[in-house]
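See structure below.
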Amino acid sequence: MKEIHARAPERNRLPNRRLHEVFDFEHLGLRYTCGIGRFEDGSLAEIFLKTDKQGSSLDVAIRDDAIAASLLLQYGCPVETLRWALTRNSDGSASGPLARALDLIEGQ
């Protein structure tokens, strides 16, 4: 049997010191704080999310979601692909806080 070696994708790492934008938003009656970092070309590179309910299962879940989204962005996933892969309501609006934050960042 022939071995196939796949080449691992390259991660686009960010500088250790970089600008960080922060904003608050509300989604389904809960308050969130979102922080973002961008690549040199201005495109979204990382996202951080937290709730007022620090340590809650929701807070842990959205922090983990944001870490996974940041890794996807740094490995080359387009932000539009990520936005539309997340759960949406029948009217196209964001169901969850990560999708809502991405909509706000992208001006939707």
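No lab work stands behind these numbers, since they all come straight from the coordinates. Just so it is clear, the structure is predicted and the values come from calculations on it, not from any experiment. Backbone-built Cβ (ideal geometry, glycine too); neighbour counts: all protein chains shown.
Just a few scattered comments:
- Computing Cα extents along the principal axes in Å for the structure here picks out one of [x] 55, 36, 29; [y] 74, 25, 15; [z] 62, 23, 18, namely [x].
- Label sites at Val60 and Leu28, each approximated as a point 7 angstrom past Cα along Cα to Cβ, lie 1.9 nm apart.
- Taking amide H atoms as placed 1.01 Å from N in the peptide plane, the amide H of Lys50 lies under 5 Å from those of Thr33, each 5 or more residues away in sequence or on another chain.
- With 0.36 nm allotted per residue and the present C-alpha distance subtracted, the Leu19-Ser90 stretch has 22.0 nm of extension available.
- Each Lys and Arg adds +1 at its Cβ and each Asp and Glu adds -1 at its Cβ; summed about the Cα centre, the chain shows a dipole of about 320 debye.
- Gaussian network model of the chain, Cα within-10 Å springs - most flexible of Ala69, Ala61, Ala94: Ala61
- Using C-alpha pairs under 8 Å with a sequence gap of at least 6, the mean separation divided by the residue count of the chain gives a relative contact order of 20 percent.
- Angle between the chain longest axis and helix 57-74 axis [Cα atoms, degrees, rounded to 10]: 40 degrees
- As a ratio to 2.2 N^0.38 Å, the alpha-carbon radius of gyration for segment 1-55 is 1.76.
- In order through segment 14-22: 3J(HN,Hα) via Karplus (6.51 cos²θ - 1.76 cosθ + 1.60), integer Hz, x for Gly, Pro: 9, x, 4, 10, 7, 5, 9, 9, 10
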